[in-house]
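Engineer: Take a look at the following structure, please.
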Amino acid sequence: MLEHGGNLRAAAARFSRGCADWLDLSTGLNPHWYPAPELAGNAWHRLPEVDPALAEAAADYYGAPLVLAVAGTQAAIQALPRLRAPSRVVVAAPSYAEHAHHWSQHGHTLREVPFADLEAAVGDCDVMVVCNPNNPTGESVPPARLLDWSNRLAARGGAMVVDEAFADMSPHSSVAPWSSRPGLIVLRSIGKFFGLAGVRVGFVAAHAQLLAALADTLGPWAVSGPAQQIACAALRDRQWQAHMRKRLAGDGARLHRLLASHGIEAGGTALYQWWPEPRSEACWRHMAERGIWVRLFSGPASGIRLGLPPDEKGWQRLAFALDEWTRQ
């Protein structure tokens, strides 16, 4: 199993600090999560049959013609490679590691390609996987270019998978409205912007035939009844969404300024910042020893990613730790 952020129990055990005494910035989740509504009395009793209201709410929110609810986009990431015969697959790198991990199985031939080289790679693959905006770097590809790549791949029976887990802050960048086209598969999540990662709900937008095959692969009762109710409420709450976009834009800019004031040239989205750090493991350990859990990236993509503090106390705690780090 690959390592991810949010593994706070492991941090507590490794550094002998209780879970309650950590500032967890390792996930890039909105720290101001959507307040889950009161659930219907039978939510925990009934088998979770598919509720059309959830698919309608998701299609409306994402602007997608047709969507399938899944138990977090991780479920789709694991299943999609099983739906294709062995193919030549290109995954943008660095990126969310689960994509490369699963496309490297089931007989596929995998190449990881830097964002700058994706254009040249379109003609030499059957499947291309791009996080847009990218996790962890925040790089993005304009929608028109993604659609052009998708058309070129589809013309020879290929597919374009676009993971838009962090796209809620920039709806104009989404290609979900065109996801009914053959060969275009869009993944969306309510875990990041809505801060509801524990609910385990995501969506796949694609043409009907692929969604039917994916639903068959995932089997019945893929998303719990309570999760469906919570997700539906979040997707429909336009007032909360508008308020949160404004708040996160301000917080994201503040995080970027804070890092810049310490000489750190970072990039990312409103929910996280990442920078290539030559001493990444030392920086990660420095933060951990002060009870701040950040995401360490090692190997060729050596760097640090951190998300937004939840409150003013967290902001001050992060600023103090950065002061100490940059004075070394």
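The values are calculated or read from the model by the stated rules, or taken from the named source; none is laboratory data. Given the structure is predicted, the values throughout are model-derived calculations rather than measurements. Reconstructed Cβ throughout: ideal geometry from the backbone, glycine too, with neighbour counts over all protein chains shown. Only protein heavy atoms, including side chains, enter the accessible area calculation; ligands, DNA and RNA are left aside. Shrake-Rupley method; radii C 1.70, N 1.55, O 1.52, S 1.80 Å.
Engineer: Residue check: is L196 hydrophobic (A, V, I, L, M, F, W, C) and crowded, with 24+ Cβ neighbours inside 10 Å?
Structural biologist: In short, no.
Engineer: Between a first residue in the range 293-319 that is under 13 Å from E281 (Cα atoms) and a second residue that is part of a helix (DSSP H, G or I) and open to solvent by 30 Å² or more (accessible area, probe 1.4 Å), which pairs have beta carbons less than 7 Å apart while being 6 or more apart in sequence or on different chains?
Structural biologist: Note: pairs meeting the criteria are W293/L8; L296/E281; S298/E281.
Engineer: Evaluate the following for E312: is it open to solvent by 20 Å² or more (accessible area, probe 1.4 Å), over 24 Å from G195 (Cβ atoms) and among the acidic types (D, E)?
Structural biologist: Against the criterion (open to solvent by 20 Å² or more (accessible area, probe 1.4 Å), over 24 Å from G195 (Cβ atoms) and among the acidic types (D, E)), E312 does not qualify.
Engineer: Is there any pair with a first residue in the range 18-33 that is of a type outside the set (F, W, Y) and a second that is at pLDDT below 95 and open to solvent by 50 Å² or more (accessible area, probe 1.4 Å) whose Cβ atoms are under 9 Å apart and which are 6 or more apart or on different chains, and what are they?
Structural biologist: C19/R9; S26/H4; T27/H4
Engineer: Here is a follow-up. Can you name the residue in the range 315-328 that is closer than 15 Å to P31 by Cβ and in contact with a strand residue (DSSP E or B) (Cβ under 8 Å, 6 or more places away or on another chain) and is also least open to solvent (accessible area, probe 1.4 Å) among such residues?
Structural biologist: This residue is L318.
Engineer: Of the residues that sit in the range 114-141 and are under 19 Å from the mean Cα position of the chain (by Cα) and in a strand (DSSP E or B), which one is nearest to S26 (Cα to Cα)?
Structural biologist: C131
Engineer: Now a separate question. Can you tell me which residue within the range 4-57, out of those that are open to solvent by 70 Å² or more (accessible area, probe 1.4 Å) and more than 26 Å from A69 (Cα to Cα), is nearest to the chain's Cα centre (by Cα)?
Structural biologist: The extreme case among them is R9.
Engineer: For the range 63-97, which positions are part of a loop (DSSP other than H, G, I, E, B) and touching a residue at least 40 places away in the same chain (Cβ under 8 Å)?
Structural biologist: Across the range 63-97, the qualifying residues are G63, A64, P65, L66, A71, G72, R84, S87, P94, S95, Y96.
Engineer: Working only within the range 199-221, note down all residues that are open to solvent by 10 Å² or more (accessible area, probe 1.4 Å), assigned to a loop (DSSP other than H, G, I, E, B) and under 17 Å from A43 (Cβ atoms).
Structural biologist: R200, W221
Engineer: Moving on. Which of the numbered conditions does R238 fail, given that it passes all the others? Conditions: (1) surrounded by fewer than 19 Cβ atoms within 10 Å (Cβ to Cβ); (2) modelled with pLDDT of 95 or more; (3) in contact with a Leu (Cβ under 9 Å, 6 or more places away or on another chain).
Structural biologist: (3)
Engineer: Continuing with the same structure: Restricting attention to the range 142-173, which residues are in contact with a Cys (Cβ under 9 Å, 6 or more places away or on another chain) and not in a loop (DSSP other than H, G, I, E, B)?
Structural biologist: Answer for the range 142-173, where residues must be in contact with a Cys (Cβ under 9 Å, 6 or more places away or on another chain) and not in a loop (DSSP other than H, G, I, E, B): L153, V162, D163.
Engineer: Quick one: would you say S95 is in contact with a Cys (Cβ under 6 Å, 6 or more places away or on another chain) and either open to solvent by 30 Å² or more (accessible area, probe 1.4 Å) or not charged (D, E, K, R) (or both)?
Structural biologist: It is true that S95 is in contact with a Cys (Cβ under 6 Å, 6 or more places away or on another chain) and either open to solvent by 30 Å² or more (accessible area, probe 1.4 Å) or not charged (D, E, K, R) (or both).
Engineer: With the condition kept exactly as written, say whether any residue in the range 145-167 is within 22 Å of T269 (Cβ to Cβ), touching a helix residue (DSSP H, G or I) at 6+ places or on another chain (Cβ under 8 Å), open to solvent by 10 Å² or more (accessible area, probe 1.4 Å) and without any contact (Cβ under 8 Å) to a residue 40 or more places away in the chain.
Structural biologist: Among the residues of the range 145-167, at least one is within 22 Å of T269 (Cβ to Cβ), touching a helix residue (DSSP H, G or I) at 6+ places or on another chain (Cβ under 8 Å), open to solvent by 10 Å² or more (accessible area, probe 1.4 Å) and without any contact (Cβ under 8 Å) to a residue 40 or more places away in the chain, which makes the answer yes.
Engineer: Among the numbered criteria (1) in contact (Cβ under 8 Å) with a residue 24 or more places away in the chain; (2) in a helix (DSSP H, G or I); (3) open to solvent by less than 40 Å² (accessible area, probe 1.4 Å), which one does D60 miss?
Structural biologist: It is condition (3) that D60 fails.
Engineer: Something else now. Looking at (1) in contact (Cβ under 8 Å) with a residue 40 or more places away in the chain; (2) open to solvent by 10 Å² or more (accessible area, probe 1.4 Å); (3) part of a loop (DSSP other than H, G, I, E, B), find the lone condition where Q105 falls short.
Structural biologist: (1)
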